[in-house]
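Beneath this line is the structure, given in structure tokens, with notes to follow.
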Amino acid sequence: MNVSLKQSALALAAVAAIGIGSISVANAEETLVVVSWGGAYTDSQQKAYHEPYMAMHPDVKIVNDDSSAEAVAKLRAMSESGNVSWALVDAVASDAIRLCDEGLIEEIDFDKVLAPAPDGTPASQDFGNLIVSPCFIPQIVYSTTFGYRTDLVKEPPTTIADVFDLEKIPGKRSLEKRPIGNLEWALIADGVDPEKVYDVLDTEEGVDRAFAKLDTIKDQVVWWEAGAQTPQLLADGEVVMGSTYNGRLFSVIEEEKQPVAMMWDWQVFDLDGWVVPVGGPNHDLVMDYLKFATDTQRLADQAKFISYGPARKSSAPLVGKHASLGIEMGPHMPTAPENAKHTLLFNYEWWADRRDDLTERFNAWLAQ
Amino acid sequence: MTTEAATQQVMTTADGTPLKVSLAKAQRRLKIRALLLVAPLLLFILITFFVPVFDMLFRSVENQIVPEVLENTAPLLLKWDDRDGELPPEEVFAAAKEDFVKGAKAKTILRVGSRMNYEQSGFSSLFRKTARRAKNFESPYKEAFIKADRKWGDLDTWRILKRESGAFTISYYLAAMDLSYGPSGDITMKPKGEAIYLTLFWRTLKLSFLITILCLALAYPISYLMSTLPLKTSNLLMILVLLPFWTSLLVRTTAWIALLQQEGVINDLLVYFGLITDDNRLAMIHNATGTVVAMTHILLPFMVLPLFSVMKTIPPTYMRAAKNLGATPTVAFIRVYFPNTVSGIGAGGILVFIISIGYYITPALVGGVDGTLISNFIAYHMSTSLNWGLAAALGVLLLGIVLVLYYFYDKIVGVDNMKFG
Amino acid sequence: MTESDTAFVRFSEVQKSYDGETLVVKNLNLDISRGEFVTMLGPSGSGKTTCLMMLAGFETATHGEIYLDGQGINKVAPHRRNIGMVFQNYALFPHMTVSENLAFPLEVRKQPKNEIRERVDRALDMVRLGGFGNRRPAQLSGGQQQRVALARALVFEPKLVLLDEPLGALDKNLREEMQYELKSIHDSLGLTMVFVTHDQQEALTMSDRIAVFDDGVIQQIDSPSTLYEEPRNAFVAYFIGENNRFVGTIKELSDNECSVEVDGGYIIKAKPVNVGNVGDKTTLSLRPERVSINPEAGSMPNMLDAKVLQLIYLGDHIRTRVAVGQNEDFVVKIPNSQEHSQLSKGQTVKVGWSSDDCRALDA
Ligand SMILES: Nc1ncnc2c1ncn2[C@@H]1O[C@H](COP(=O)(O)OP(=O)(O)O)[C@@H](O)[C@H]1O
Ligand SMILES: [Mg+2]
């Protein structure tokens, strides 16, 4: 029994530590804690942003904290306790919108805080329509798209409709366990005009239609929750195709050399970027860092280390070769013209409204 | 004579203080000592357990944000009679304009939007849209609002706002029990396609019960074996049982996936021995089977430890005596050995059951769709949807279920009969 | 087979080994008649419990056969043997009341309910525990538990009852009381009882016959008096009762007398019981109460000088330790009578004994 007692004591201590642990961050102006996703993504930020910045400012030390996955809940908890210890957080756009709604992150004056493009275009125009929230500085465009096992399909899938076609492509496929993206795909595959997807989804019949389409493949779907699952499922041959972030598929194909290929049709664009918590420490340093880390060259540099598209229009021509593989990264960008024939950008505002009830409906549908 | 009479009336100690007083004094000192000894633990439990539980109880009904931010609108709405099918009077719209302007400046108004969006989808964008424009609204405000968004002209919008204008709400509990407000404000069951939590509560109880039974079925013979073996061998077995504790979650999960997936080791073996055909491979992970297998694996030690420690104390002569008295080995087991292990079964069963009711990491990793439990949804509402009120209500209901089960357990088995080791 | 008809219990060339290397029971042959009270007596580890367990069916004999009432029972499962047993720690079932414990053997035999109740009550009365039926074993004293265990072993009326050191955990008074009770139950019910103990006093007072165990072998099996008066070997003589020992070499040997030279050069005349030939080693055994102090000269064949070392007053007799030659542990029990009360420490006396009382045994 000792063991279990010890375990629960540890668990309690851990719970307490979560509450208390956040106090012990960053003291002077030298240390800047950057909260991000960890793994390859943080590595790319380290090489493209942190290291050059630290080289320019030897008195600054940037420390990574891999907590972005819990960022929304933690930021709210910090704000409730009146002790915001995070200075800079990497978040996806939909979370940023919610945090902004709640007043937990700062609004950014884009043209004042951020550097203009090399040709003088103000930042707000350079980012253009990717500015989906006044509190969110986009960094990369990533897409959720499909990979398939070249050796396990008779005929390669070419359109999103093929994902829903069990006759053409039999076998299991993996989809993310959430309604976002899947409902849009289901409607497009069912013949809805991609321009009108959200109009259709606004009606009860439209939602029913999307679920009805998903019903046709429901028993052949493995639902994933972590980005690493689809690559693993593909590698193990547990699924013949599956959706995941394009950067993950890039490593499966180019780094691990698995027999996997991309299917870009109607890839869903999403944004990841920086948010600044209200009342966080090191405010001036954060602003200085942001100006540097989001300029045209830095965003282009990040694409050398990970295959996600830079959020600035002016960065696109500067994207070069992969730092270690030596592959030209341009064609692997979700934004590359031949990949981006059909793309879908989230309607963030629409999902901010419908996320809760459709997620509930989606879960109820799953449970049936 | 006199002293004797006195001692008969009040017994005293040698120095003359009444015996009762002196005894009370001695016991008070003991009580204070006992209190001081438990004080650190009491404080610890208070801070790490009772405070969060009360916080959870509070959050599950708390609705402060609405009357706080809509400080002018909320009292008027509460007074407004919505039964005549008319929109609220102009003064309500005027108050709402004031609240929106103030709330937009203080960046609190969108919180109300998020909060109200739990009641009905669309409030989030309605509030966002309105907050942007409210400072330019001119009288008459009713028209200004409806021009900004048609929804302000919808009676239901105002009814819902009125309903949630109080400082407390029951809507989280309704949601947690798959209930919702109907069009006329009455409480109804959610339609089948949207109801989910009752299914999950039921599934959680069912799977936890199954896991408890499986743990018992696996732990009983192992514990019995260990209790009869010499210490050195039983320690070795114990290490094997405790192994899942000592491996990291990631390693464990990877191992389960490698074993259980359709192209995994077990399926390969079954196909190899011709027990199943290649295209009928069993789905044993990313579903309820995965959850049950993985959780049984993890929770087994919680069953083995109390069982083992109870069995260790049962002398082998009990079974011999029973057989000697004429009982077949089966009868001897059922009537003599088993009843003596009930305390261990009770302790282990309660431990495993309660832990599995609250487990969420493993089901999230290997449970797929039909192997996720109510705790996964609590975690989801805690960290992703940020609907902490609903998470709290689900948590309170779960706590309630556990307490009810515990009550019946006490009635049937008796809590005093538990032996944890 | 004719022989086993007369023997109720019979061990025939039984051997037992737990580890395959050493024999814990070596070639045991033992017949017990119906109605007999037989005690297995021996030091701890001598194999008594093992024999009992083989009889009850919890251990299997490595070799040989055990017969019960003429039937070989090696292959009969324990619960079919119908043998009552009182375990060393009683093994009362803690989750059952006293009555339930007693009812257990009757219930598994599918006796009718009212008969069970009757027999349980009768058994409880027999061990004088009427009214204790609703208590749990933990609520009883050691002696009461012991009686419950006995009642439980008897309630289903077995023909044979085994008792493994049943009185070992009781204090002296209680033990003597229980000895008496046990014996009277045995006599009144006409049972066959096999009783295990390492306490020789207990064995002597209760048994019809005692089997003395040592090292997995029965050294001697006889009635208490024979065992005491006529031990067949040095171990039995040493183990039962008090005993003065001399080790020596046989000088002369005839049918009913031998002369033995012991350390110090004395010659002692003794009765040859278990000896080899002239020149062999032997152990002489002499009970302390058979030694006379200062006997009349010439009245005894053995007469030696002794020096009084210690006197212990025990009421009815005086235990006197004297030095005889090099033997400083020579004990004499002197009846508490007028003429001998004058002895004092340091005094030199003569000790004498007849050659019939001094038994020459194996070395
Ligand atoms: N279950 C067993 N396994 C191995 N050895 C045993 C076992 N039971 C008894 N022994 C050994 O057998 C010998 C005889 O034991 P036992 O019959 O219990 O003696 P007693 O009852 O006369 O004290 C001892 O040396 C003991 O160590
Ligand atoms: Mg013994």
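The values are calculated or read from the model by the stated rules, or taken from the named source; none is laboratory data. These numbers come from a predicted model, not from an experiment. As a convention, Cβ positions derive from the backbone with ideal geometry for all residues, glycine included, and neighbour counts pool all protein chains shown.
Where strands (runs of 3 or more DSSP E) fall wholly inside the stretch C:21-133, the ranges with 3 or more residues that are within 25 Å of C:VAL217 (Cα to Cα) and within 14 Å of ligand 1 (Cβ to nearest atom) are C:25-33, C:37-41.
Here the stretch C:58-102 is the region considered, the condition is being touching a Pro at 6+ places or on another chain (Cβ under 9 Å) and more than 10 Å from every other protein chain (Cβ to nearest Cβ), and the residue that is surrounded by the most Cβ atoms within 10 Å (Cβ to Cβ) is C:VAL98.
Every residue, every condition in (1) within 17 Å of the chain's Cα centre (by Cα); (2) not aliphatic (A, V, I, L, M), yes or no:
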residue: A:VAL132; (1), (2): yes, no
residue: A:CYS135; (1), (2): yes, yes
residue: A:ILE140; (1), (2): yes, no
residue: A:THR150; (1), (2): no, yes
residue: A:THR158; (1), (2): no, yes
residue: A:VAL163; (1), (2): no, no
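Considering the stretch B:119-139, and only residues there that are away from every other protein chain (no Cβ under 14 Å) and assigned to a loop (DSSP other than H, G, I, E, B), the residue that is surrounded by the most Cβ atoms within 10 Å (Cβ to Cβ) turns out to be B:PHE137.
Would you check if B:ILE374 is more than 10 Å from every other protein chain (Cβ to nearest Cβ) and surrounded by fewer than 24 Cβ atoms within 10 Å (Cβ to Cβ)? No, not satisfied. Consider the stretch C:31-57 and keep the residues that are among the hydroxyl-bearing types (Ser, Thr, Tyr) and either within 12 Å of ligand 2 (Cβ to nearest atom) or touching an Asp or Glu at 6+ places or on another chain (Cβ under 7 Å) (or both). The one that is farthest from the other protein chains (Cβ to nearest Cβ) is C:SER46. Exactly one residue among C:SER292, C:SER355 is touching a residue at least 24 places away in the same chain (Cβ under 8 Å), touching a Phe, Trp or Tyr at 6+ places or on another chain (Cβ under 8 Å) and closer than 19 Å to C:GLU229 by Cβ, and that residue is C:SER292.
Counting only helices (runs of 4 or more DSSP H) that sit completely within the stretch B:253-359, those holding 1 or more residues that are touching a residue at least 40 places away in the same chain (Cβ under 8 Å) correspond to B:288-312, B:338-358. The helices (runs of 4 or more DSSP H) falling completely within the stretch A:174-228 that include 1 or more residues that are aliphatic (A, V, I, L, M) and away from chain B (no Cβ under 13 Å) map to A:182-189, A:197-201. Considering the conditions (1) of a type outside the set (Val, Ile, Thr); (2) surrounded by 19 or more Cβ atoms within 10 Å (Cβ to Cβ); (3) over 29 Å from C:ILE83 (Cβ atoms), B:ALA332 is excluded by exactly one of them, (3). Residues that are of a type outside the set (Lys, Arg), at the interface with another protein chain (Cβ under 9 Å from one of its Cβ atoms) and farther than 18 Å from B:ALA167 by Cβ within the stretch B:94-108 comprise just one, B:ALA106.
For the stretch C:66-81, the set of residues classified as under 13 Å from C:LYS159 (Cα atoms) and of a type in the set (A, V, I, L, M) consists of C:LEU68 only. Does C:VAL127 qualify as being crowded, with 21+ Cβ neighbours inside 10 Å and within 16 Å of ligand 2 (Cβ to nearest atom)? Criteria not met by C:VAL127.
Under the condition of being within 13 Å of ligand 2 (Cβ to nearest atom) and not hydrophobic (A, V, I, L, M, F, W, C), the residues counted in the stretch C:20-30 number 0.
Conditions (1) away from every other protein chain (no Cβ under 14 Å); (2) at pLDDT 95 or above; (3) part of a loop (DSSP other than H, G, I, E, B), marked per residue:
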residue: A:ALA96; (1), (2), (3): no, no, no
residue: A:CYS100; (1), (2), (3): no, no, no
residue: A:ASP119; (1), (2), (3): yes, no, yes
residue: A:GLY128; (1), (2), (3): yes, no, no
residue: A:SER133; (1), (2), (3): no, no, yes
residue: A:PRO138; (1), (2), (3): yes, yes, no
residue: A:VAL141; (1), (2), (3): yes, no, no
residue: A:PHE146; (1), (2), (3): yes, yes, no
residue: A:LYS154; (1), (2), (3): yes, no, yes
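Scan the stretch C:3-19 and tell me whether some residue there is without any contact (Cβ under 8 Å) to a residue 24 or more places away in the chain and either more than 23 Å from C:GLN219 (Cβ to Cβ) or within 13 Å of ligand 2 (Cβ to nearest atom) (or both). Yes, because at least one residue in the stretch C:3-19 is without any contact (Cβ under 8 Å) to a residue 24 or more places away in the chain and either more than 23 Å from C:GLN219 (Cβ to Cβ) or within 13 Å of ligand 2 (Cβ to nearest atom) (or both). Of the listed requirements (1) more than 16 Å from B:GLY348 (Cβ to Cβ); (2) within 14 Å of chain C (Cβ to nearest Cβ); (3) surrounded by 13 or more Cβ atoms within 10 Å (Cβ to Cβ), B:VAL310 misses just one: (1).
If only residues of the stretch C:103-116 that are within 13 Å of chain B (Cβ to nearest Cβ) and charged (D, E, K, R) are counted, the one that is surrounded by the most Cβ atoms within 10 Å (Cβ to Cβ) is C:GLU107.
Filtering the stretch A:255-264 down to residues that are modelled with pLDDT of 90 or more and farther than 20 Å from A:LEU183 by Cβ, which residue is farthest from the other protein chains (Cβ to nearest Cβ)? Among those that are modelled with pLDDT of 90 or more and farther than 20 Å from A:LEU183 by Cβ, it is A:MET262. Pairs linking a residue in the stretch A:338-358 that is within 20 Å of A:ILE131 (Cα to Cα) to a residue that is surrounded by 18 or more Cβ atoms within 10 Å (Cβ to Cβ) and charged (D, E, K, R), with Cβ atoms under 8 Å and 6 or more positions apart or on different chains, are A:LEU344/A:GLU184; A:PHE346/A:ASP270; A:GLU349/B:ARG128; A:ALA352/A:ARG98; A:ALA352/A:ASP101; A:ALA352/B:ARG128.
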